[in-house]
Each structure stands twice: as C-alpha cells, then as structure tokens.
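**Q** Here's a structure for you.
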Amino acid sequence: MPTMTIAKAINAGLRAALEQDESVLLMGEDIGTLGGVYRVTEGLKSDFGPERVVDSPLAESGIIGTSIGLSLRGYRPVAEIQFDGFVFPGFNQITTQLAKMHARSNGQLTVPVTIRIPYGGGIGSVEHHSESPEALFAHTAGLRIVTPSNAHDAYWMTQQAIACEDPVIVFEPKRRYWLKGEVDTEDPGASADPFRAHVVREGTDATVVAWGPLVPVALAAAEASAEHGHSVEVIDLRSISPIDFDAIVSSVTKTGRLIVAHEAPTFGGMGGEIASRVAELAFLSLEAPVIRVGGFHMPYPVAKVEEHYLPDIDRILEALDRAFAY
C-alpha cells in the first residue's frame, strides 16, 4: 500500500472522483493555479481544466450558493472554504438552504454538495485561521459531517462524501495535513462506512473519544497511561453528524469510564451531546462521570500562546486520572 500524507490522500481522492464522474467539479479560492494554500488541490486544474477546477472570487456565500445551484442542475460540486473562520459568510446559505432543500421539497430535490473546510489550530496562524466550528453545523439537521484523522480515511472519505446524495461537510485537520500513513487505494472494501466510528486502540479501563486533529493526541495519552498500568481504549469518532453512539456505548459498557476530547471549546461543544447521550444509554455502566476535555470558552488566542489553549496529552491524562479516582 502506498504511504501518503493526509493532504496527498485528499488530492488523490479528489482526483479519483473527478476521473470517475464528469459531474464532479471543484471550486474555491486559489484552488486552481495555486493548488490551494496547502497545495491540497495541486495539479488538478492542469489535468482537468479550468471548467472543472474553478478559481472562485473571494466570496464564500457565492461559492456555496453557486454550488447549490449546480447541484440542482445535476452536478456534484466540491466547494473548498480556505480556512475554518472564513465559512461564516456562507453560513446562511449552508444552514438555511443547503441543509433544508431536500426536506423543503418533500424529498423531490437532492443537493449533493461537498464542502471541504480545513479546521483546527496548531499552525501558528492569525485570527480566523484556527477555529473548530463543527458544533455550529452539527446542530443543523440535514447536514452530514465527517472528519478524517489519517491518510487512509482522508482518501476514502473524500470520495464517499462526493458520492453521497446528502450535503456533506468534510472538516480536514489542517495541522495533520503532513501526517503520513498507508492508504489502500485498490480495495474498495477497505473503505468503511464513513459515518461509523473506529476503535483505533483497544482497552478495558477507560474510553477516550476524539476526532480529527486530536486522535493522535488521544493515542499518545493512552500510551502514556499504559505506563501507569491503565488500559485505555481510543475511539476515532470520524463522523460528527450522525454520531455512532452504538460504538461509544459498546465501549463504555466495557470500560466504565469516558473522556471526550476535542479542540473546540468545551462549552456548547459536541462533547456535551456525547456525554448526555451516554448518560441516558449507559448510566448503569458508568463508574465515573463523563469528563470533557476541550478548548476554553474564548476567542481563539494569538499564535504564541495557542499551545496553552489546545488540549494536549497532559490535559487528557489529567482527565483520565480524575476518572480513575472514582
């Protein structure tokens, strides 16, 4: 199997989708000639032409609105939002039009739009370049939301999102773009359901649920905890909407403890929804309260102090210690 970075895996996934379906087209700011600010779309314009890889104006609302119109005419547009914090000019189009069109038409219309959003911090950037707004979109019914944490998932999730008849937001962990991993590009069976969670490390004493950029951090924390005699199971959530609660509850029933870790602020974050649902479905299995680990309830800080904002191994280990104390 080839080894790729997550960025190259997304590029390969986009290339495969463009080759297999002529209705697929890409649009976004600087994605064509430049190849995107992270070079994720590098080489695609030269191979597929400017009519299928479109450099759009600096107008996120226009990118989303045009994508909706194209999807209603039989295309499968893939819109790139250059940075997470830039999505909000298009928020109205996404939440009031894209998410609602299928229901509003009583199922007669489909809007197979894919929105790619690089998200999360850890890149030393300026304001509006390091946010994690997944909870804002997950609250809106009608959208599917996935996020890969490794190259293999990035390759397949990209194609699965484009093939889906529902609108899909793919949150791409930008600080992990250069993380390498093996990708099975030959066997379609290697691509699991993108809306199902994966147990990426098995354990018996506690469960840590994470997604996107925090999965490597959760794995490192589990490894460190093992040195102190604790067996920690790590779940890569993969899909933020829908959430695979069956996988989480199954794990918690075994381990009795749950920590949910994400970069977004803990207040109002997806960790609260997961904690609440687990309390409903697996209360009698819990040996400790569900503990959330996340960012602070504040605007994302300046780059030189972002390491104090982002959840790290120590904060997950501290949460595990609290859970083991019960």
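The values are calculated or read from the model by the stated rules, or taken from the named source; none is laboratory data. Source: prediction; values computed, not measured. No Cβ is skipped: glycine too gets one built from the backbone with ideal geometry, and neighbour counts run over all protein chains shown. The protein model used for the area step is the full one, side chains on, heavy atoms only, and it has no ligands, DNA or RNA in it. Shrake-Rupley method; radii C 1.70, N 1.55, O 1.52, S 1.80 Å.
**Q** Return the carbon/sulfur percentage of the accessible area of the chain, one whole number, probe 1.4 Å, all protein chains in place.
**A** Carbon and sulfur together cover 53 percent of it.
**Q** Related question: Arg15: accessible area at probe 1.4 Å, nearest 10 Å²?
**A** So the heavy atoms of Arg15 present about 60 Å² to solvent.
**Q** What distance in nm lies between label points placed 7 Å from Cα along the C-beta direction at Tyr326 and Thr110?
**A** 4.3 nm
**Q** Ok, one more. Pull up all non-local amide H partners of Arg76: gap of 5 or more, or a different chain, and H-to-H distance under 5 Å with H placed in the peptide plane.
**A** Distant-sequence amide H within range of Arg76: Val24, Leu25.
**Q** I've got another one for you. When the Cα atoms of segment 147-231 are enclosed in a convex hull and the volume is divided per residue, what value in Å³ results?
**A** Hull volume normalised by residue count: 110 Å³.
**Q** Around Gly268, which amide H atoms from residues at least 5 apart in sequence, or from another chain, sit under 5 Å from its own amide H, with H modelled in the peptide plane?
**A** none
**Q** Can you give me the relative contact order of segment 237-295 as a percent, contacts being Cα pairs under 8 Å and 6 or more apart?
**A** 45 percent
**Q** Relative to the longest principal axis of the C-alpha atoms of the chain, give the angle of the C-alpha long axis of helix 60-72, reported between 0 and 90° and rounded to the nearest 10°.
**A** With rounding to tens, the tilt is 70 degrees.
**Q** Tilt of helix 313-324 relative to the longest C-alpha principal axis of the chain, in degrees (0 to 90, nearest 10)?
**A** So the helix axis and the longest Cα principal axis differ by about 50 degrees.
**Q** Enumerate the calculated ³J(HN,Hα) couplings along segment 262-271 in order (Karplus 6.51 cos²θ - 1.76 cosθ + 1.60, θ = phi - 60°), each rounded to whole Hz, writing x wherever the residue is Gly or Pro.
**A** Rounded to whole hertz, the list is 8, 6, 4, x, 4, 5, x, x, 5, x.
**Q** From the phi of every residue in segment 303-310, what ³J(HN,Hα) in whole Hz does the Karplus formula 6.51 cos²θ - 1.76 cosθ + 1.60 yield, where θ is phi - 60° and glycine or proline is x?
**A** With the stated coefficients, segment 303-310 comes to 4, 6, 10, 5, 5, 7, 7, 6 Hz.
**Q** Quick one: net charge of Ser285's neighbours, Cβ under 10 Å, K/R +1, D/E -1? Each step should come with its number before you reach the end.
**A** Working: positive: Lys254, Arg257; negative: Glu287.
Spelling it out: positives minus negatives among the neighbours equals +1.
**Q** From the Cα gyration tensor of segment 1-128, with a ≥ b ≥ c the square roots of its eigenvalues, which class applies: rounded if a/c is under 1.5, or else prolate if a/b is larger than b/c, or else oblate?
**A** Working: a/c = 1.78, a/b = 1.23, b/c = 1.44.
Oblate, because a/c is 1.5 or more while a/b does not exceed b/c.
**Q** I would also like to ask the following. If Rh is defined by the Kirkwood formula over all Cα pairs and Rg also comes from Cα, what ratio Rg/Rh do you get for segment 171-326? Spell out each step's value before the answer.
**A** Numbers: Rg = 15.5 Å, Rh = 16.1 Å.
Ratio of gyration radius to Kirkwood radius for segment 171-326: 0.96.
**Q** Is the C-alpha gyration tensor of segment 144-193 telling us rounded, prolate or oblate? Criteria: a/c under 1.5 is rounded; beyond that, a/b larger than b/c is prolate, otherwise oblate.
**A** Details: a/c = 2.75, a/b = 1.12, b/c = 2.45.
Because a/c hits 1.5 or more and a/b fails to exceed b/c, segment 144-193 counts as oblate.
**Q** Once both axes come from the Cα atoms, what is the angle between helix 151-163 and the longest principal axis of the chain, in degrees from 0 to 90, rounded to 10?
**A** 50 degrees
**Q** When the Karplus curve 6.51 cos²θ - 1.76 cosθ + 1.60 is applied with θ = phi - 60°, which whole-Hz ³J(HN,Hα) does each residue of segment 4-19 get, with x for Gly and Pro?
**A** So the Karplus estimates, Gly and Pro as x, are 9, 6, 4, 4, 5, 5, 5, 4, 5, x, 5, 4, 4, 5, 5, 6 Hz.
**Q** Could I ask something else about it? I want the local charge near Ser239. Using Cβ-Cβ distances under 9 Å, sum +1 for each Lys or Arg and -1 for each Asp or Glu among the other residues.
**A** Every neighbour counted, the sum reads +1.
**Q** Shifting gears a bit: For segment 18-79, build the charge dipole from Cβ charges (+1 Lys, Arg; -1 Asp, Glu) around the Cα centre, then report which of Ile63, Leu34, Ser46 sits farthest towards its positive end.
**A** In segment 18-79, that residue is Ile63.
**Q** Turning to a different aspect of this structure: Take the alpha carbon gyration tensor of the chain, find the square roots of its eigenvalues, order them as a ≥ b ≥ c, and report rounded if a/c is under 1.5; if not, report prolate when a/b exceeds b/c, else oblate.
**A** Here the chain falls in the prolate category.
**Q** Going from most exposed to least, what order do His128, His198 have by accessible area with a 1.4 Å probe?
**A** His128, His198
**Q** Under 5 Å between amide H atoms, partner at least 5 residues away or on a different chain: which partners does Gly28 have, H built in plane at 1.01 Å?
**A** Hits under the 5 Å cutoff: Val54, Ser56, Glu80.
**Q** A follow-up question, please. According to the Cα gyration tensor, what semi-axes, each the square root of 5 times an eigenvalue, does the equivalent ellipsoid of segment 62-129 have, listed from largest to smallest in whole Å?
**A** Those come to 27, 11, 9 Å.
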